[in-house]
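First, the structure itself, so that you have it in front of you.
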Ligand code: GLN
């Protein structure tokens with residue numbers, strides 16, 4: 001084992017962390033980001049950084065780390081630098097072609113899973129799948145379900161395909177196309193989506209990670225409800241009787257989204273709140289006798 005002692009040319013783990021932290025002072029979490037990035041560059045746990053703080057990880061690791069620190073200092077999301085984000089305990093590849101999966105989207109997955117008896121051959125469509133987060137999480141929890149995941153962005157779909165393959169999730173098929181187009185008129189038992197719903201021009205788009213994420217995955221038009229409206233209106237005829245549409249939305253969009261569901265004829269319309277008490281996901285059903 002080469003526990004190389006640090007030299008001027010080859011800084012130690014401890015020294016790299018100090019430099020990283022100093023370079024990230026403008027951000028929200030300089031120390032944490034430095035640790036996560038160095039652990040990523042070194043392919044080790046954060047705990048191992050403390051154990052090995054007097055070791056020199058080598059020039060290649062130091063170069064990658066210091067380049068990432070510079071990128072992070074100009075705002076590039078940690079998830080894009082690492083090419084990785086955890087969602088539903090699954091390590092997902094993410095790229096700038098995909099939205100970075102958020103913890104609040106796990107709420108949507110939880111609610112959908114409640115509708116899917118274990119062992120049933122439920123048919124599910126995840127529209128605008130991005131990295132595949134929702135589709136892969138659902139499919140991994142319900143191996144007997146058949147999940148179709150669609151995206152119109154080829155680069156995003158390629159990431160989703162790689163995620164499913166790497167995680168050994170076999171019951172998702174991926175189809176390229178706009179919203180319902182890849183379903184080719186077919187119907188499913190559950191339609192789920194985390195569509196773009198940020199209002200165009202929202203100042204949040206100029207802050208934090210959102211600056212680097214694909215606008216097509218974030219911006220839901222002038223009102224923020226354009227994509228949601230389309231999914232609600234066109235979803236009904238793509239659901240089997242009794243089937244469910246489940247959508248994520250912004251925390252201030254609950255009432256408007258429920259209104260869209262009700263206007264489109266859905267029953268049992270209900271909105272769920274996240275752990276912070278914010279309305280984040282709305283579900284509605286196609287009538288059972290509405291064949
Ligand atoms: N949850 C993201 C945000 O508001 C938006 C994601 C989306 O539009 N689907 O930060």
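If a residue has to be surrounded by fewer than 18 Cβ atoms within 10 Å (Cβ to Cβ), in a loop (DSSP other than H, G, I, E, B) and either at pLDDT 95 or above or touching a strand residue (DSSP E or B) at 6+ places or on another chain (Cβ under 9 Å) (or both) to count, how many in the range 10-28 make the cut?
1
Continuing with the same structure: From the residues in the range 242-262 that are surrounded by fewer than 18 Cβ atoms within 10 Å (Cβ to Cβ) and within 16 Å of the ligand (Cβ to nearest atom), which one is nearest to the chain's Cα centre (by Cα)?
Taking the range 242-262 as the starting set, the residues that turn out to be surrounded by fewer than 18 Cβ atoms within 10 Å (Cβ to Cβ) are 242, 251-252, 255-256, 259, 262.
In the following step, the residues that additionally are within 16 Å of the ligand (Cβ to nearest atom) were identified as 251-252, 256.
Values: 251: 17, 252: 20, 256: 24 Å.
Ranking the qualifying residues of the range 242-262, first place goes to 251.
Sticking with this one: Taking the condition of being surrounded by fewer than 22 Cβ atoms within 10 Å (Cβ to Cβ) and in contact with a helix residue (DSSP H, G or I) (Cβ under 9 Å, 6 or more places away or on another chain), how many residues in the range 268-291 meet it?
10
With the condition kept exactly as written, say whether any residue in the range 132-141 is part of a loop (DSSP other than H, G, I, E, B), at pLDDT 95 or above and surrounded by fewer than 23 Cβ atoms within 10 Å (Cβ to Cβ). If you could, list the steps in order and put the result at the bottom.
Step one: list which residues in the range 132-141 are part of a loop (DSSP other than H, G, I, E, B), which gives 132.
Still in the running and at pLDDT 95 or above: 132.
Add one more test, that the residue is surrounded by fewer than 23 Cβ atoms within 10 Å (Cβ to Cβ), and what stays is none.
No: zero hits.
Here's another thing I want to ask about it. For the range 29-87, enumerate the residues that are in a loop (DSSP other than H, G, I, E, B), at negative phi and either under 25 Å from the mean Cα position of the chain (by Cα) or surrounded by fewer than 21 Cβ atoms within 10 Å (Cβ to Cβ) (or both).
Start the filter on the range 29-87 by keeping residues that are in a loop (DSSP other than H, G, I, E, B), which leaves 29, 43-45, 52-54, 56-58, 74-77, 83.
Imposing the further condition that a residue be at negative phi reduces the set to 29, 44-45, 52-54, 56-57, 74, 76-77.
Passing the criteria: 29, 44, 45, 52, 53, 54, 74, 76, 77.
Hey, could you check the range 213-226 for residues that are out of contact with any strand residue (DSSP E or B) (no Cβ under 8 Å at 6 or more places or on another chain) and not in a loop (DSSP other than H, G, I, E, B) and say which is nearest to the ligand (Cβ to nearest atom)?
Filtering the range 213-226 for residues that are out of contact with any strand residue (DSSP E or B) (no Cβ under 8 Å at 6 or more places or on another chain) and not in a loop (DSSP other than H, G, I, E, B), the one nearest to the ligand (Cβ to nearest atom) comes out as 217.
What tally of residues in the range 98-110 results from selecting those that are outside any helix (DSSP H, G or I), more than 9 Å from the ligand (Cβ to nearest atom) and surrounded by fewer than 20 Cβ atoms within 10 Å (Cβ to Cβ)?
1
Of the conditions (1) more than 28 Å from residue 120 (Cα to Cα); (2) modelled with pLDDT under 95, residue 279 clears all except one; give me its number.
Tallying (1) more than 28 Å from residue 120 (Cα to Cα); (2) modelled with pLDDT under 95, residue 279 fails exactly one: (2).
Can you tell me which residue within the range 56-85, out of those that are touching a strand residue (DSSP E or B) at 6+ places or on another chain (Cβ under 7 Å) and within 16 Å of the ligand (Cβ to nearest atom), is nearest to residue 14 (Cα to Cα)?
Among those that are touching a strand residue (DSSP E or B) at 6+ places or on another chain (Cβ under 7 Å) and within 16 Å of the ligand (Cβ to nearest atom), it is 79.
Scanning the range 176-188 for residues that are under 21 Å from residue 133 (Cα atoms) and out of contact with any helix residue (DSSP H, G or I) (no Cβ under 9 Å at 6 or more places or on another chain), which turns out nearest to the ligand (Cβ to nearest atom)? Give the steps one after another, and end with the answer.
Of the range 176-188, the ones under 21 Å from residue 133 (Cα atoms) are 176-183, 188.
With out of contact with any helix residue (DSSP H, G or I) (no Cβ under 9 Å at 6 or more places or on another chain) added as a condition, the list becomes 178, 181-182.
On the way: 178: 16, 181: 20, 182: 19 Å.
Among those that are under 21 Å from residue 133 (Cα atoms) and out of contact with any helix residue (DSSP H, G or I) (no Cβ under 9 Å at 6 or more places or on another chain), it is 178.
Can you tell me which of (1) in contact (Cβ under 8 Å) with a residue 60 or more places away in the chain; (2) more than 16 Å from the ligand (Cβ to nearest atom); (3) in contact with a helix residue (DSSP H, G or I) (Cβ under 9 Å, 6 or more places away or on another chain); (4) in a strand (DSSP E or B) is the one residue 191 doesn't meet?
For residue 191, the failing item is (2).
What residue, of 210, 205, 230, is more than 12 Å from the ligand (Cβ to nearest atom), part of a helix (DSSP H, G or I) and at pLDDT 95 or above?
Values: 210 fails: more than 12 Å from the ligand (Cβ to nearest atom); 205 fails: more than 12 Å from the ligand (Cβ to nearest atom).
After applying the criteria, what remains is 230.
I'd like to check something: does the range 152-171 contain any residue that is buried (at least 19 other Cβ atoms within 10 Å of the Cβ), touching a helix residue (DSSP H, G or I) at 6+ places or on another chain (Cβ under 8 Å), at pLDDT 95 or above and part of a strand (DSSP E or B)?
Looking through the range 152-171, none of the residues is buried (at least 19 other Cβ atoms within 10 Å of the Cβ), touching a helix residue (DSSP H, G or I) at 6+ places or on another chain (Cβ under 8 Å), at pLDDT 95 or above and part of a strand (DSSP E or B).
Output the number of residues of the range 248-267 satisfying the condition of being in contact with a helix residue (DSSP H, G or I) (Cβ under 6 Å, 6 or more places away or on another chain) and assigned to a strand (DSSP E or B).
Residues that pass the stated criteria total 1.
The values are calculated or read from the model by the stated rules, or taken from the named source; none is laboratory data. Remember, it's a predicted structure, so these values are computed and weren't measured experimentally. Here the Cβ is made from the backbone with ideal geometry for all residues, glycine too, and neighbour counts use every protein chain on show.
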